[in-house]
1. DSSP loop (so not H, G, I, E, B), at most 14 other Cβ within 10 Å: list which trypsin sites (Lys or Arg not before Pro) in the stretch 5-103 pass both filters.
2. Considering only protein heavy atoms and a probe of 1.4 Å, how much of the accessible area of the chain is carbon and sulfur, as a whole percent?
3. Sorted by packing (mean other beta-carbon atoms within 10 Å per residue), highest first, where do 23-30, 105-112 land?
4. For residue 69, list long-range residues whose amide hydrogen, built 1.01 Å from N in the peptide plane, is under 5 Å from its own amide hydrogen.
5. Determine the dipole magnitude for the chain: charges of +1 sit on the beta-carbon of Lys and Arg, -1 on that of Asp and Glu, nothing else is charged, the reference point is the Cα centre, and the result goes in debye to the nearest 20.
6. Between 69, 85, 52, whose Cα lies farthest towards the positive end of the dipole of the chain when Lys and Arg beta carbons carry +1 and Asp and Glu beta carbons carry -1, centred on the Cα centre?
7. Under the classification rounded if a/c is under 1.5, otherwise prolate if a/b is larger than b/c and oblate if not, where does the stretch 3-43 fall, given a ≥ b ≥ c as square roots of the Cα gyration tensor eigenvalues?
8. Write down the accessible area per residue of the chain in Å², having rolled a 1.4 Å probe over the full set of protein chains.
Amino acid sequence: MAAGKSLDAKANTRMMFSYAGMLGAICYFVEPKETYVSVQNATYVVFGVYGIFFVLFTFLNEMFFSDNFKKGPKDNFGYLFMKMFGFQGFFLLFFLYNFVPASASFKYLAIFNAIMCYVGPQRGELLNVGNVKDAHIVPHVCLMLVSATSIAALL
């Protein structure tokens, strides 16, 4: 935990969504049946959710910080890092959309999202204990929904 502080009940509730999102890792190991959701549509959900995140990180990072955290970053490096991450994300989405078929990227995007549940919103909670607003539930829920859509492609 961050500096020996424990999470409050609201933070633990937000974390539950990301824990559920980590179940999307199963998509790496199970072949999709595509009865309810196609691999292509599941990939579009990934592109949509992460595209929104990348817009926030690249162009609206101050708004992202003010909506999710009580205090902004200590210096401008936090904003610079978010802009770099957002730009890299746009390039990745462009590359995947144009050059990699959904069938080839599906299981890797699913495992990526499961890991991002921890690296993204969960680490934000753990590293910013006491600084996280209730609205920070949105990244947890969005990543869980990406995993849920991917899992639906397995059925």
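The values are calculated or read from the model by the stated rules, or taken from the named source; none is laboratory data. These numbers come from a predicted model, not from an experiment. Ideal geometry is used to build each Cβ from the backbone, glycine not excepted, and the neighbour counts take in all protein chains shown. For accessibility, only protein heavy atoms count, side chains too; no ligands or nucleic acids. Shrake-Rupley method; radii C 1.70, N 1.55, O 1.52, S 1.80 Å.
1. Of the trypsin sites (Lys or Arg not before Pro), the ones in loops of the stretch 5-103 whose Cβ has at most 14 other Cβ atoms within 10 Å are 5, 33, 70, 71, 74.
2. Carbon and sulfur atoms account for 69 percent of the accessible area of the chain.
3. 105-112, 23-30
4. 133
5. So the dipole magnitude of the chain works out to roughly 300 debye.
6. After comparing all options, I get 69.
7. Prolate is the answer for the stretch 3-43, as a/c is 1.5 or above and a/b outweighs b/c.
8. 57 Å²
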